[in-house]
Amino acid sequence: MHLFRRASSVALLFFLLLSSRNVFSACGIRTILVQGRAEDVLHDGSVTVELIYEDGKVGESDSLIFEGTAFRTRIPFSTRSNSNEVLGHAWSKCKRTPTSVAVVLLEGDQEVDRVTLSVAKDFISADPTELAVRSSVVLHGTKIGSPQK
């Protein structure tokens, strides 16, 4: 009788775990921190930061209109990658991370500078939830009187 209770308790626990979708599909949220400055920018300058994943797929992004020359953004992203269905429940892999980050300087609608950073080489793990750029990004605009590219 005692063995039956233990077996039924284990079966009940297993059933409860399977019936809870969040146990298998919840993955963490991490952030990418990018900061830098733009030099020789016209008054209508902005910066777009894009997270790029495997196969060049663009994911999360942020657009910043700045005053002065400095910019800074934190972009959250989900670490949830592909999942498999087992008995109607998602078993997720929580290893999704961007491979690179594109930092683009725009003047109006025109792209005037772009820096692409490798996540593996150009970022450090500031804490378990954040990847921070190792050094400030420097972008160059086309302000009148500055050398053209």
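Of all residues in the range 92-112, count the ones that are among the charged types (D, E, K, R) and either part of a strand (DSSP E or B) or crowded, with 17+ Cβ neighbours inside 10 Å (or both). Break it down into steps so the answer makes sense when it comes.
Taking the range 92-112 as the starting set, the residues that turn out to be among the charged types (D, E, K, R) are 93, 95-96, 107, 109, 111.
Those still in the list that are either part of a strand (DSSP E or B) or crowded, with 17+ Cβ neighbours inside 10 Å (or both) too: 96, 107, 111.
Adding up the residues that qualify gives 3.
Give the residues of the range 59-81 that are assigned to a loop (DSSP other than H, G, I, E, B) and either among the acidic types (Asp, Glu) or under 15 Å from Thr99 (Cβ atoms) (or both), sorted by residue number. Spell out how you get there, then give the answer.
Of the residues in the range 59-81, the ones assigned to a loop (DSSP other than H, G, I, E, B) are 66-69, 79-81.
Of everything in the range 59-81, those that are assigned to a loop (DSSP other than H, G, I, E, B) and either among the acidic types (Asp, Glu) or under 15 Å from Thr99 (Cβ atoms) (or both) turn out to be Glu67, Thr79, Ser81.
Each reported figure results from applying straightforward, stated rules to the coordinates on display, with no laboratory input. Values in this document were obtained by computation on a predicted structure and should not be read as measured data. Quick reminder, even Gly has a Cβ in these numbers, built from the backbone with ideal geometry, and neighbours come from all protein chains shown.
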